[in-house]
1. One residue is enough: does the stretch 175-192 have a residue meeting the conditions closer than 29 Å to Leu64 by Cα and hydrophobic (A, V, I, L, M, F, W, C)?
2. I need a count of the residues in the stretch 100-116 that are outside any loop (DSSP other than H, G, I, E, B) and either open to solvent by 20 Å² or more (accessible area, probe 1.4 Å) or among the hydrophobic types (A, V, I, L, M, F, W, C) (or both).
3. Considering only residues that are closer than 20 Å to Lys415 by Cα and exposed (fewer than 13 other Cβ atoms within 10 Å of the Cβ), which ones fall in the stretch 336-371?
4. When you scan the stretch 132-141, do you find a residue that is without any contact (Cβ under 8 Å) to a residue 24 or more places away in the chain, open to solvent by 40 Å² or more (accessible area, probe 1.4 Å), of a type in the set (Asp, Glu) and more than 30 Å from Gln321 (Cβ to Cβ), even just one?
5. Out of the stretch 330-341, which residues are in a helix (DSSP H, G or I) and of a type outside the set (A, V, I, L, M, F, W, C)?
6. Looking at (1) in contact (Cβ under 8 Å) with a residue 60 or more places away in the chain; (2) open to solvent by less than 40 Å² (accessible area, probe 1.4 Å); (3) over 21 Å from the mean Cα position of the chain (by Cα), can you tell me which one Gly194 breaks?
7. Out of the residues in the stretch 261-279 meeting the condition of being open to solvent by less than 40 Å² (accessible area, probe 1.4 Å) and among the small types (Gly, Ala, Ser), tell me which one is farthest from the chain's Cα centre (by Cα).
8. Do we have Arg244 as more than 30 Å from Val78 (Cβ to Cβ) and of a type in the set (Lys, Arg) here?
Amino acid sequence: MTKPTNHNTEPAEVRLFEDLPEPSVVQLQQAQTKAAAKRAQGTPRLLQPNRLQIELRASDLESLLAQDHRARLVWGYVVHQDLSRLFDAVKARGSNAGRAAIDPRILFALWLYATLDGVGSGREVARLSQEHDAYRWICGGVSVNYHAINDFRAGNEELMDELLTDNVAALAAVGAISLQRVAQDGMRVRADAGAASFRRQASLDEHLKEASELVQTLKTQARSDPGQARRQAQAAQLRAAQKREERIRAALKQLPEVAAAKKRNGSKAEARSSTTDADARVMKMGDGGFRPAFNVQFATTCEEQVIVGMAVVNAGSDMGQLSPMVEQVEQRLGQSPNEWLVDGGFPAHEQIDAVAGKTEVYAPVPEPKARKDAKEEEQGNEVQQDKHQPKAGDSEAVAQWRARMASDQAKEIYKQRAATAECVNAQARNRGLLRMPVRGLAKVRSVVGLFVLAHNLLRTAVLAPQIMGWGSGPFEMAAQAA
C-alpha cells in the first residue's frame, strides 16, 4: 500500500477525531462558566479515612467466630481432657493470698491452635491473643503473657504422654483405628544449639574452671557492694554465670555417653558435648550436612494415619529404635500391631529378634556383601548371592523376615510405609517442626507431644467425633477442611 504524500513543506499534523465539529464560542463560554461556578463553591467535601480515631465496638467474643471455626474444635477437645494434674498444681485456692492462676485449658488450647496454625513462638502467641479473633476467643478475656505460655509448652512432658495414651486408647475402644499395620519412621529436627558449642574434655574443664571463678567473684562483689541497684545487676550476672556453669557441668556429664556411642560406631574421633544443650547430638541431616539435632520417632497407623507412639532420642541412628517403639505401643493399647513397617535403617538382627512373636517386621533386606569364589579367588570372580535366603547364624525370626520380603505381597504392603510415615513427617514439618525452640530432652519431648496431639486432634474429629461429645455437625467439616 502506497503512503499518501503531502505537497506542503511542513509535515501534516496527526489529529484525533478530525471528523468531529469544532466547539463554538458559545459552548466554550458555557463550559468556562460552569468550571468557575464549581471553583467558587469551594473544595470537594469527602469522607476521608481516619485510622487514628478510637472506636468502641459493642460485640461479644462469641459472635466473632463461625460455628465451624477450628478454634471451637480445639476448645471442644481440650475441655474433655483430664487435666487434673495441672489443676492440682494451682496454689491460688479459696481465700488464700495470691493472684488467680490462668486456666490451664486456655494455655493448652492456645498451643494446640498455634501448632495447627504453624505458630511456634510464645511471644507471637501472646501478641495474637490480643489481636487475632481466634486467639482472643480462646482466651475469653483472660490476659496471658509469653512467660506463662512458654512454661506450659516446655514443662508438661508427662501430661502429653498421658493424653496421647488416652487419645489412642479411646479411638481403639470404639474401633476407629486398626492395629493391623503400623509404620515407624524417624526424622532429624535441628536442636537449639550451635555447632561451635561442642567442646572436648580439655576445653570443657577449662571453661568450667573459668565459670566457677566468675561465680565466686560475683558472689564476693554482691556481699561487699551495699548499693541496691548495683546488687540487682550483680544478682542478674550471678544467675547467668551459674546457669552457664550448670550447662558446662551437664556437658561434662554427657561426655562418657557420647564416647561410648562413638566407640560402638567404630569412630576414633574424640567425644564432644555441647555447652548450650548437653542432650543434643551432631547428626547427619536430610540434606547430607551434619548439625546438632534430635531424632524424633513417630509410629502411625497406616489405615487412619493416627500417631500411636512417639519418642525423642539423641541417637543419630534408627537402628535401635524398633523394639522400644513396639513396646511403647503395646503399653498404650494393650496389644501390638500385626505388621510393622520400617525403612532400611531400623532392622538390626537383634531388634527383629526382640519383637519376634509380637509383630511381623516389613523392611527392605540389605544387599549382601560381595564374596569371591574360593576356587577362583585369584581371578576375583564374585559369587551371586540371594539376599532373601537364610544365612549362617541367622535366627529363626531373621530368616523368616528375609523370606517374607521376597514375596510380591510383602512388597505391596511395604509401599504403605512411605505413604504413611512420610506424610505424617511432612505435616509436622509444615506445622513448624523444623527447629526445637527449647533445650533438653524433657522439654523437647513436651514440644513434640503438642505436635502429636494436634495431629491426632484433627484425625479424631474425622474418625470418631462422638468420643468427645461432638456428634455430627460443623466440627467434623472443619476438621476435614483443615
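The values are calculated or read from the model by the stated rules, or taken from the named source; none is laboratory data. Keep in mind that this is a model prediction, so the values were computed, not measured. Every residue, glycine among them, receives a Cβ derived from its backbone with ideal geometry; neighbour counts consider all protein chains shown. These accessible areas exclude ligands, DNA and RNA; they are computed on the full protein's heavy atoms, side chains included. Shrake-Rupley method; radii C 1.70, N 1.55, O 1.52, S 1.80 Å.
1. No, because not a single residue in the stretch 175-192 is closer than 29 Å to Leu64 by Cα and hydrophobic (A, V, I, L, M, F, W, C).
2. Number of matching residues: 10.
3. Residues satisfying the conditions are Gly344, Pro366, Glu367.
4. no
5. Matches in the stretch 330-341: Glu330, Gln331, Arg332.
6. Of the numbered conditions (1) in contact (Cβ under 8 Å) with a residue 60 or more places away in the chain; (2) open to solvent by less than 40 Å² (accessible area, probe 1.4 Å); (3) over 21 Å from the mean Cα position of the chain (by Cα), the odd one out for Gly194 is (3).
7. Applying the filter and picking the extreme gives Ala271.
8. yes
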